[in-house]
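Here's the structure, in structure tokens; my notes come after.
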Amino acid sequence: MRWIQSPRELREAVAGRSPGFVPTMGYLHQGHLALVRRARDENPLVVVSIFVNPLQFGPGEDYDRYPRDPERDRALLEAEGVDLVFAPTAEDLYPEGFATRVEVAGPLTARWEGERRPGHFRGVTTVVAKLFNLVRPRRAYFGEKDFQQLAVIRRMVADLDFGIEVVGVPTVREPDGLALSSRNVYLTPAHRREAPKLYRALLAARDAARAGRTVAEAEAAARAVLATIADFTLDYFAIVDPVTLAPLSDWVPGARALVAGRFPEVRLIDNLEVYP
Ligand code: PAF
């Protein structure tokens, strides 16, 4: 497995090879490894990037304390048979004078996470566009855990004719239902026990949908579960169109429930398809 820091060296290593690409911020868990395995199954060459992207963190967010463990990441990726890891520094990707931003405009980025984290998606699309230009992948793999991010990247790839297949990979969960996230390490033991109720709320919405209830009734069922989570401040719960992420009043195929909120020490998000 090659470990490359410099963008120029990366371009040379992948020239003409159209790899499968898994962009990450490191501190890898089984959710990332599910992306890597899927990429390895579908592509002769697999590139993983590890870069904690300062542009997608707002003031007061956790950029400085975001968990990092490159040695462990290296061992995990080696064991998965990854061909190449690209691990640049912020100076490598954003040298002196870097001034470009790539932005998906409109409601897709303005609502939900966009409303709570202004500038976040602009940071994500800027770095992902840059990584796509460096790696030139045939396919790129993203977790459904960040469902809005996935929708935003699909929009960018279509709008800017990147010609890359964007593959969404289902969320990997702990046995109690908590969606895997690098930030779960921040949870106190008490809040770790409360956190799976987010998933239970999503399941309550899905159960209601399956029982023939309306969108409003499914939402009420989920909110009833969310109201029982100790020390938790709900940012939003919504049942949305799976492509535009606009809130729904009637069911559409693939309707998705989105949830986000905060314990004092960490913010969590999750989502689930609630209507087939
Ligand atoms: O999902 C992530 O880990 C990041 O947002 C990504 C896509 C690697 C861009 O920094």
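What follows draws every value from the coordinates through simple rules; no lab data is involved. Just so we're clear, the structure is a prediction, and the values are computed from it rather than from any experiment. FYI the Cβ positions are ideal-geometry reconstructions off the backbone, even for glycines, and counts take in every protein chain you see.
Against the chain, whose longest principal axis comes from its Cα atoms, helix 70-79 is set at around 90 degrees. Label separation (Arg17 vs Glu217): 5.5 nm, computed from points 7 Å beyond Cα along the C-beta direction. Computed from phi, the 3J(HN,Hα) profile of region 204-214 under the Karplus parametrisation 6.51, -1.76, 1.60 (θ = phi - 60°) reads 4, 5, 5, 4, 4, 4, 5, 7, x, 7, 7 Hz, with x in place of Gly and Pro.
Can you classify region 155-276 as rounded, prolate or oblate using the Cα gyration tensor, where a ≥ b ≥ c are the square roots of its eigenvalues, rounded means a/c under 1.5, and otherwise it's prolate if a/b beats b/c and oblate if not? Oblate is the answer for region 155-276, as a/c is 1.5 or above yet b/c matches or exceeds a/b.
So how do Met25, Met1, Met156 line up by other beta-carbon neighbours within 10 Å, fewest first?
Details: Met25 17, Met1 14, Met156 24.
So the residues, fewest neighbours to most, are Met1, Met25, Met156.
Counting every C-alpha pair in region 1-128, the share spaced more than 17 angstrom apart comes to 62%.
Just check the chain against the gyration tensor rule for me: Cα atoms, a ≥ b ≥ c as the square roots of the eigenvalues, rounded for a/c under 1.5, and otherwise prolate or oblate depending on whether a/b exceeds b/c. Taking the square roots of the gyration eigenvalues as a ≥ b ≥ c, the chain is prolate. Looking at the chain, the DSSP beta bridges with both ends there are about 50 percent antiparallel.
Here the peptides 268-275, 243-250 are ranked by packing, the mean other Cβ count within 10 Å, and the order with the highest first is 268-275, 243-250. Extending 7 Å from the Cα toward the beta-carbon at both Asp64 and Thr233 defines two label points whose distance is 2.1 nm. Classify region 14-66 from the C-alpha gyration tensor, please: rounded if a/c falls under 1.5, else prolate or oblate depending on whether a/b exceeds b/c. Cα axes put region 14-66 in the oblate bin.
Computed extension gain for Arg262 through Glu174, at 0.36 nm per residue and net of the alpha carbon distance, reaches 29.8 nm.
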